[in-house]
Structure formats: structure tokens, C-alpha cells
Amino acid sequence: MAELATIARPYAEALFKASLSDLDAAALWVEELEAIAKNPQLLQFSDNPNVTAAQVFDLVAGVAQRALPAMAQNFLRTVIENGRLSALPQIAAQFRAMKNTQSGFSDAVVYSAFAIDSAALADLAATLEQRFARKLNVSVQLQPELIGGIRVVVGDEVLDTSVKARLKQMKEALIA
């Protein structure tokens with residue numbers, strides 16, 4: 001994993017510097033390319049020695065929901081020609097981290113056993129921003145194995161109020 005992060009860093013830094021004038025627009029197409037590049041069939045196709053870089057580019061550009069701007073096309077061509085399509089999710093993650101650092105935000109992932117409606121999520125986001133003392137970009141991922149409650153990850157900080165965590169704590173207390 002560290003190797004992939006090392007490969008991705010120069011691409012993410014170059015992309016960040018090139019898109020400083022409009023980071024939000026760049027973030028949109030970077031996220032879309034990240035989602036496309038996570039497809040294992042696409043990665044298998046791109047690794048085929050009989051497939052050209054132009055064919056891979058045409059496929060990725062064709063799958064994209066919106067037409068890619070010129071900067072996105074140039075970036076994607078560079079990544080594909082250098083054989084770094086598999087590093088694109090890591091590039092996107094590092095780009096997002098740089099963007100968040102500049103804007104003063106952090107990503108927060110809320111793992112929940114059940115779906116959270118938008119009003120409850122807004123209240124939760126406000127509470128978490130106070131708890132972590134910074135602005136947060138909150139996203140939700142379902143994890144039914146939590147049984148109930150939530151688990152929040154902000155960078156390397158974790159706040160776990162799930163039923164699963166409480167059961168684990170009770171088990172450890174009973175064993176000790």
C-alpha cells in the first residue's frame with residue numbers, strides 16, 4: 001500500500017497545483033474517474049498487452065457520466081500512458097486530502113447499521129464538527145454488523161458508539 005501511495009503522490013501534487021484555480025470542479029471529475037478506475041474489469045482490460053492506451057482512454061471517457069474537461073482528459077491520458085490506472089484511487093485520495101487541508105475541512109466517514117435520513121445526518125454532522133473541532137465532509141456507509149449505533153472515522157481518530165463495540169467491551173470486562 002505504501003508503494004501505491006508513493007507512486008500516486010507526484011500525480012496528486014501535480015494535479016492539485018494545476019487545478020488550484022478551481023479545486024471544486026477538479027474534485028468532481030477526479031471522484032468520477034476514481035469510481036471508474038476501481039472497476040476490476042477495467043483494470044484487467046487496461047493490463048492486457050494487446051490493448052492500446054488510446055483504447056483504455058476511450059473506454060474510461062465513454063463510461064464517464066459527463067464529458068471530461070480538457071484538463072481531465074490530459075490527466076487521464078498521462079495516467080494511462082504511464083500505466084498508473086490502478087493508482088488512480090490513491091491519487092484521488094491524496095488530491096482530496098490536499099484540497100481538504102487547503103480549505104480547512106476533514107473527511108468523516110460514519111458507519112451505521114441503518115440508513116440515516118438527511119435531517120438526522122445534518123444534526124450528526126453539526127455534533128461531530130463540535131466534537132472534532134473542525135469542519136467535516138460527512139459521508140455514510142452502511143455496516144449492518146454494527147447492530148446499532150454508529151462508528152465515526154475522521155483521519156486517524158475513531159469514535160465508536162456501536163452496539164458491537166459495547167458488546168465487545170462487556171465481553172472483555174467479564175473475561176478480565
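Consider region 21-58. How many of its residues are open to solvent by 30 Å² or more (accessible area, probe 1.4 Å) and part of a helix (DSSP H, G or I)?
Narrowing region 21-58 to residues open to solvent by 30 Å² or more (accessible area, probe 1.4 Å): 21-22, 24-25, 28, 31, 35, 38-41, 43-50, 52-55, 58.
Narrowing the set further to residues that are part of a helix (DSSP H, G or I) leaves 21-22, 24-25, 28, 31, 35, 40-41, 43-47, 53-55, 58.
Final tally of qualifying residues: 18.
Of all residue pairs spaced 6 or more apart or on separate chains, those with beta-carbon atoms under 6 Å, a first member in region 159-176 that is under 12 Å from residue 149 (Cα atoms) and open to solvent by less than 100 Å² (accessible area, probe 1.4 Å) and a second member that is among the hydrophobic types (A, V, I, L, M, F, W, C) and outside any strand (DSSP E or B) are 162/146; 163/147. Counting the residues of region 62-121 that are touching a helix residue (DSSP H, G or I) at 6+ places or on another chain (Cβ under 7 Å), open to solvent by 60 Å² or more (accessible area, probe 1.4 Å) and small (Gly, Ala, Ser) gives 1. You will find that of 108, 113, 64, the residue that is in contact with a Gly (Cβ under 7 Å, 6 or more places away or on another chain) and among the hydrophobic types (A, V, I, L, M, F, W, C) is 113 and no other.
Scanning region 130-155 for residues that are under 21 Å from residue 23 (Cβ atoms) and surrounded by 13 or more Cβ atoms within 10 Å (Cβ to Cβ) turns up 134, 135, 136, 137, 138, 154.
Of all the numbered requirements in (1) in contact (Cβ under 8 Å) with a residue 40 or more places away in the chain; (2) farther than 20 Å from residue 22 by Cβ, residue 116 misses one, and that requirement is (1).
Listed here are the residues, each with its yes/no results for (1) at pLDDT 95 or above; (2) under 26 Å from residue 67 (Cβ atoms); (3) of a type in the set (Lys, Arg).
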position	(1), (2), (3)
5	no, no, no
9	yes, no, yes
15	yes, yes, no
20	no, yes, no
26	yes, yes, no
32	yes, yes, no
37	yes, yes, no
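Selection of first residues in region 84-110 that are closer than 11 Å to residue 30 by Cβ and of second residues that are outside any strand (DSSP E or B) and basic (Lys, Arg), restricted to Cβ pairs under 7 Å at least 6 apart or on distinct chains, gives the following pairs, ordered by first then second residue: 89/38; 94/9. In region 130-153, the qualifying residues are those that are outside any helix (DSSP H, G or I) and over 21 Å from residue 115 (Cβ atoms), and the one that is farthest from the chain's Cα centre (by Cα) is 133.
The values are calculated or read from the model by the stated rules, or taken from the named source; none is laboratory data. None of the values given here were measured: they were computed from a predicted structure. Ideal geometry is used to build each Cβ from the backbone, glycine not excepted, and the neighbour counts take in all protein chains shown. Note: areas computed on protein heavy atoms with side chains; ligands, DNA, RNA excluded. Shrake-Rupley method; radii C 1.70, N 1.55, O 1.52, S 1.80 Å.
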